[in-house]
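To start, the structure itself, in structure tokens.
The values are calculated or read from the model by the stated rules, or taken from the named source; none is laboratory data. Given the structure is predicted, the values throughout are model-derived calculations rather than measurements. No Cβ is skipped: glycine too gets one built from the backbone with ideal geometry, and neighbour counts run over all protein chains shown.
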Amino acid sequence: MERRSPYPRVRSAWPGAIASETLKLLSLRSSRILLVVALVMIAGAGTLLSIATVGRLSDKRFAGQEISATPEMFVDAVLWAQIVIVVLAVLAVVNEYTSGQVTLSLLAAPTRLPWLGAKALVLALSGFLVGVIGTAVSFGVSALVVVGTEVRYEIAFGDAALLSMKSGLYLAVIAVLAIGVAALVRHVVAALVAVLALIVVLPPVLASIPGIGAAADFLPTIAGRRLISDFETAVQLSPWAGFGVLAAWTALALALSGALLAARDA
């Protein structure tokens with residue numbers, strides 16, 4: 001005879017929280033539009049760049065010059081798409097506070113952390129898919145348009161697949177960084193200003209200051225973009241070391257927001 005425990009079975013709040021956050025994201029037209037915009041930015045920029053690169057072959061201004069292209073050129077638009085992903089992530093958090101929906105969300109997850117963690121997971125997956133699909137399309141178009149012409153361009157399937165995965169990984173972590181900051185400040189304008197200043201404005205400003213310019217290499221985007229871009233900096237972090245710096249910034253923001261979420265009123 002089966003013996004029943006006198007204690008009620010405790011169910012994890014995570015599956016329900018993840019399903020809820022997925023439904024919230026996909027049910028909003030604005031969220032779907034932002035995801036499509038980010039995807040089109042990456043794929044469209046790669047397409048236009050492919051056409052422009054081949055067009056140089058018939059441009060008299062480039063007569064006698066060798067026209068070349070690199071795979072990294074076709075993922076540069078990821079750095080513009082990250083702004084769209086940041087906006088999406090910030091709105092996903094702050095809109096719940098402005099609408100009061102966060103109260104219901106936290107009632108469904110009394111420990112609170114599953115709500116924040118599920119939101120971070122769903123937005124990270126969204127950013128990852130946008131990065132992977134967008135760059136995959138960009139590479140596919142570049143192969144169709146550029147390969148076979150006189151443009152010097154070499155790309156292997158394995159290299160393209162790896163760079164696409166890295167692009168997705170970069171956007172995924174940027175999304176979680178934005179969620180962490182938004183959960184800290186709980187205000188749309190303040191959150192957008194804080195995140196965009198950190199990833200867009202502050203890096204070139206800090207890099208231009210004599211004596212401390214090298215510190216810019218340890219800001220989220222300068223460090224993190226080394227995973228998908230080849231450029232010179234003062235410190236020259238390796239790709240994965242740079243990504244580790246970005247991940248550390250993200251973990252810090254998420255940890256602080258989680259601690260404050262558990263300690264203060266919704």
Exercise for the section: Test Val245 against the criterion of being surrounded by 13 or more Cβ atoms within 10 Å (Cβ to Cβ), under 22 Å from the mean Cα position of the chain (by Cα) and at pLDDT 95 or above, and give yes or no. Expected result: yes
Exercise for the section: Please find, within region 119-168, the residue that is farthest from the chain's Cα centre (by Cα) out of those that are aromatic (Phe, Trp, Tyr) and within 20 Å of Ser50 (Cβ to Cβ). Expected result: Tyr153
Exercise for the section: Determine if region 216-231 includes at least one residue that is assigned to a helix (DSSP H, G or I), surrounded by fewer than 19 Cβ atoms within 10 Å (Cβ to Cβ), over 16 Å from the mean Cα position of the chain (by Cα) and at pLDDT 90 or above. Expected result: yes
Problem - Meets criteria (without any contact (Cβ under 8 Å) to a residue 40 or more places away in the chain, surrounded by fewer than 23 Cβ atoms within 10 Å (Cβ to Cβ) and more than 15 Å from the chain's Cα centre (by Cα)) for Ala262 - result: no
Exercise for the section: Count, please, the residues in region 241-266 that happen to be in contact with a helix residue (DSSP H, G or I) (Cβ under 7 Å, 6 or more places away or on another chain) and in a helix (DSSP H, G or I). Expected result: 15
Exercise for the section: Could you grab me the full set of residues in region 71-99 that are within 14 Å of Leu39 (Cβ to Cβ) and either small (Gly, Ala, Ser) or in a loop (DSSP other than H, G, I, E, B) (or both)? Expected result: Ala77, Ala81
Fill in the blank from the handout: If you go through Ala161, Ala182, the only one that is part of a helix (DSSP H, G or I) and touching a residue at least 40 places away in the same chain (Cβ under 8 Å) is Ala182
